[in-house]
Amino acid sequence: DAGVIQSPRHEVTEMGQEVTLRCKPISGHDYLFWYRQTMMRGLELLIYFNNNVPIDDSGMPEDRFSAKMPNASFSTLKIQPSEPRDSAVYFCASSFGSTAYTQYFGPGTRLTVL
Amino acid sequence: ILNVEQSPQSLHVQEGDSTNFTCSFPSSNFYALHWYRWETAKSPEALFVMTLNGDEKKKGRISATLNTKEGYSYLYIKGSQPEDSATYLCAFRDFGNEKLTFGTGTRLTIIP
């Protein structure tokens, strides 16, 4: 298996632009998680899905952030409009079963908003 | 807000020496404790998932113990090698909540 796939790996954009991050979980996994990693706050959970349904989005910073999972093999995290404080590394992770089970992380997308 | 703390924040260890560090978490409503190894410019890699008080897990030279009653877990590395240099993260899950709360990690540097 290729593992969790994220694209793009790096994204540089200007303030106000829309940014879309993509994730393909490991085949057969039924949980998908979006995390953001910053120096100040460490690794924080933004939202997670179970069987394509969003379960908890309480970590989403504000309305500018949205996430979808249209099918079991694809999810997007969208920021519109982007701001410089959104600059971070965004990780997607998937697991089979709940979080008593290992989460497998993708390589991350490093986002820079100028 | 769950408080998951790791200590020390950073650690320099001579190659060949053994070391250990700590993860503290709430002792009530425990469900699972994860350890991850995170190398610079890579993604976190799972080491252990621990669910039972007194649990001990081992993977090569790395092992972990769990005390859910007092709310701590230790990660041990025996005979440190340069490739052990990484940030080690723990993550806690309590009952009734499927989210993991991550600690801020212990950054380990092995000095050749």
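No value in this document is a laboratory result; all are computed from the given coordinates. Computed from a predicted structure; not experimentally measured. Virtual Cβ from ideal backbone geometry, glycine too; neighbours counted across all protein chains shown.
For the reader, a short list of remarks on this structure follows.
- For chain A, the share of DSSP beta bridges that are antiparallel, to the nearest 5, is 90%.
- Loop-resident trypsin sites (Lys or Arg not before Pro) (DSSP state other than H, G, I, E or B) in segment B:25-96 with no more than 11 further Cβ atoms inside 10 Å of their Cβ: B:69.
- Projected area, mean over directions - segment B:44-91, Cα convex hull, nm²: 3.6 nm²
- Across all directions, the average flat footprint of the convex hull enclosing the Cα atoms of the protein assembly as shown is 12.3 nm².
- Share, in percent, of DSSP beta bridges within chain B that are antiparallel, nearest 5: 90 percent
- Among A:58, A:95, A:66, residue whose mean-square fluctuation peaks in a GNM of chain A (springs only between Cα atoms under 10 Å): A:58
- Non-local Lys pairs in the protein assembly as shown, i.e. 8 or more apart or on different chains, that have alpha carbons under 19 Å apart: 9
- Cα extents of chain A along the three principal axes, largest first (Å): 38, 28, 27
- Phi-based couplings in Hz for segment B:91-97 (Karplus 6.51, -1.76, 1.60; Gly and Pro marked x): 9, 10, 10, 10, 4, x, 9
- Taking θ as phi - 60° and the Karplus parameters 6.51, -1.76 and 1.60, the scalar couplings of segment B:60-75 work out to x, 8, 9, 9, 9, 10, 9, 10, 7, 6, 9, x, 8, 9, 10, 10 Hz in sequence order, x denoting glycine and proline.
- Scaling the Cα radius of gyration of chain B by the globular reference 2.2 N^0.38 Å produces a ratio of 1.02.
- Only the Cβ atoms of Lys and Arg (+1) and of Asp and Glu (-1) were treated as charged; on that basis the dipole of chain B about its Cα centre amounts to roughly 140 debye.
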